[in-house]
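K.L.:
Below you'll find the structure I mean.
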Amino acid sequence: MRIQFGMRVTQIINNLSEGNPGAVKALSRIYHEGHKVDPDSDILGPFFTLDTFGIYGDKINILYMNICNGSLVHTLAVCRGLQLGLLSKQEVLEAINGKYYSKFHPFSVEFFDLITKIKELIPNFNK
């Protein structure tokens, strides 16, 4: 775990991003705009999820840019999917590493099914 009690948001972003500019962009966007997509989440909730599941640096960038096509909604859906047990760490890491990429492509049926399942459990998600 890289997030420690008492850390400032900038420290958290630096630790999770490992200096990867794309990851910094994704994490900054989650911090500044994430509440618009997922108002029921703690503002740092997605950060704790990424930390808990060991998703750091270039993996965050790949998740955000390649898997989620730069979509904040899709990125937060993956985080919520992990939190809710709708996705496994293995599935997400395999997608990040190039295996099963199509399952998480933003226009795939499975991805939209994930968002639908999240909305059933968290009605305010992406309202």
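K.L.:
For a quick check of your reading of the model, give me the residue pairs whose first member lies in segment 1-22 and is within 14 Å of Ile62 (Cβ to Cβ) and touching a residue at least 24 places away in the same chain (Cβ under 8 Å), whose second is in a helix (DSSP H, G or I) and not aliphatic (A, V, I, L, M), with beta-carbon atoms closer than 6 Å and at least 6 apart or on different chains.
P.N.:
Asn20/Asp58; Asn20/Asn61; Gly22/Asn61
K.L.:
I've got another one for you. Can you pull out the residues in segment 68-86 that are surrounded by fewer than 21 Cβ atoms within 10 Å (Cβ to Cβ) and either among the small types (Gly, Ala, Ser) or in contact with a helix residue (DSSP H, G or I) (Cβ under 8 Å, 6 or more places away or on another chain) (or both)?
P.N.:
So the first thing to find is which residues in segment 68-86 are surrounded by fewer than 21 Cβ atoms within 10 Å (Cβ to Cβ), and the list is 69-73, 82-86.
Within segment 68-86, Gly70, Ser71, Leu72, Val73, Leu82, Gln83, Leu84, Gly85, Leu86 qualify.
For (1) in contact with a Cys (Cβ under 7 Å, 6 or more places away or on another chain); (2) of a type in the set (Phe, Trp, Tyr); (3) over 23 Å from Met1 (Cβ atoms); (4) without any contact (Cβ under 8 Å) to a residue 24 or more places away in the chain, each residue gets a yes or a no:
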| site | (1), (2), (3), (4) |
| --- | --- |
| Asp38 | no, no, no, no |
| Phe47 | no, yes, no, no |
| Leu76 | no, no, no, no |
| Cys79 | no, no, no, no |
| Leu84 | no, no, no, no |
| Gly98 | no, no, yes, yes |
| Ile122 | no, no, yes, no |
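K.L.:
Answer yes if at least one residue in segment 10-28 is at pLDDT 95 or above and within 17 Å of Ile122 (Cβ to Cβ), and no otherwise.
P.N.:
Of the residues in segment 10-28, the ones at pLDDT 95 or above are 10-28.
Subsequent filtering for residues that are within 17 Å of Ile122 (Cβ to Cβ) retains none.
No, segment 10-28 contains no residue that is at pLDDT 95 or above and within 17 Å of Ile122 (Cβ to Cβ).
K.L.:
Could you please find all residues in segment 8-19 being loosely packed, with under 15 Cβ neighbours inside 10 Å and either closer than 14 Å to Asp51 by Cα or among the basic types (Lys, Arg) (or both)?
P.N.:
Arg8, Val9, Gln11
K.L.:
Next question, about the same structure. I'm trying to understand the selection: among the residues of segment 1-41, which are outside any helix (DSSP H, G or I), of a type in the set (A, V, I, L, M, F, W, C) and more than 22 Å from Ser88 (Cβ to Cβ)?
P.N.:
Passing the criteria: Phe5, Met7.
K.L.:
Among Phe107, Phe112, which is the only one that is over 26 Å from Gly6 (Cα atoms), part of a helix (DSSP H, G or I), of a type in the set (Phe, Trp, Tyr) and modelled with pLDDT under 95? Working first, answer last.
P.N.:
On the way: Phe107 fails: part of a helix (DSSP H, G or I).
Result of the check over Phe107, Phe112: Phe112.
Matching residues to (1) within 21 Å of Gly85 (Cβ to Cβ); (2) aliphatic (A, V, I, L, M):
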site	(1), (2)
Gly6	no, no
Ile43	no, yes
Thr49	yes, no
Ile67	yes, yes
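K.L.:
Exactly one of these conditions fails for Phe53: (1) aromatic (Phe, Trp, Tyr); (2) surrounded by fewer than 16 Cβ atoms within 10 Å (Cβ to Cβ); (3) under 13 Å from the mean Cα position of the chain (by Cα). Give me its number.
P.N.:
The failed condition is (2).
The values are calculated or read from the model by the stated rules, or taken from the named source; none is laboratory data. Just so it is clear, the structure is predicted and the values come from calculations on it, not from any experiment. Positions of Cβ are backbone-derived with ideal geometry, glycine not excepted, and every protein chain shown enters the neighbour counts.
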